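Enquirer: Right, I'll just put the structure down here and ask away after.
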Amino acid sequence: MLRLRIKQCVKHKEVRMADGWHLSKSVPATFILAIVVQTVGLVWYMSSLDATVTSNAREIARHEIRINEIEKTAQLQAVMLGRIDENIKAIRDAVDRMQVASSVK
């Protein structure tokens, strides 16, 4: 009896495996359509997201170049400001010396 039951189970599994995958007719077509539409929507969203990320990466690289140029310019301006300050200081000293020299005479 047990052998007969095992043989039936094995035959039943073989029949199931031979049938392979199938779609039950109880699944509505709108459900399948909804899954397909969601899949297409997801692919479209991911491709637009990838395009946005690529665009942002290009913009970041462009901004980094501009920031580096601005930093270089700011550094040069700081050096020039230091030189201007030294020149003003030297001019003030010269004016003070002239004023002292004219008041002594």
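Quick note: the coordinates plus some simple rules give every number you see, no bench work behind them. Note that the structure is a prediction, hence the values are computed from the model and not measured. In this analysis, Cβ positions are derived from the backbone assuming ideal geometry, glycine residues included, and neighbour counts consider all displayed protein chains.
Enquirer: Let me know the shape class of the range 33-81, please: from the alpha-carbon gyration tensor, a ≥ b ≥ c as square roots of the eigenvalues, rounded when a/c is under 1.5, otherwise prolate if a/b is greater than b/c, or oblate. Write down the numbers at each step before the final one.
Expert: Details: a/c = 12.80, a/b = 8.36, b/c = 1.53.
Cα axes put the range 33-81 in the prolate bin.
Enquirer: Starting from the 7 Å offset along Cα-to-Cβ, what nm value, one decimal, do you get for the label separation of Val79 and Ser102?
Expert: Distance between the two pseudo-spin positions: 3.7 nm.
Enquirer: Using θ = phi - 60° and the Karplus relation 6.51 cos²θ - 1.76 cosθ + 1.60, list the HN-Hα couplings for the range 76-93 in order, rounded to whole Hz, with x at every Gly or Pro.
Expert: Ordered by residue, 3J(HN,Hα) equals 5, 5, 5, 5, 4, 5, x, 5, 4, 4, 5, 5, 5, 4, 5, 5, 4, 4 Hz.
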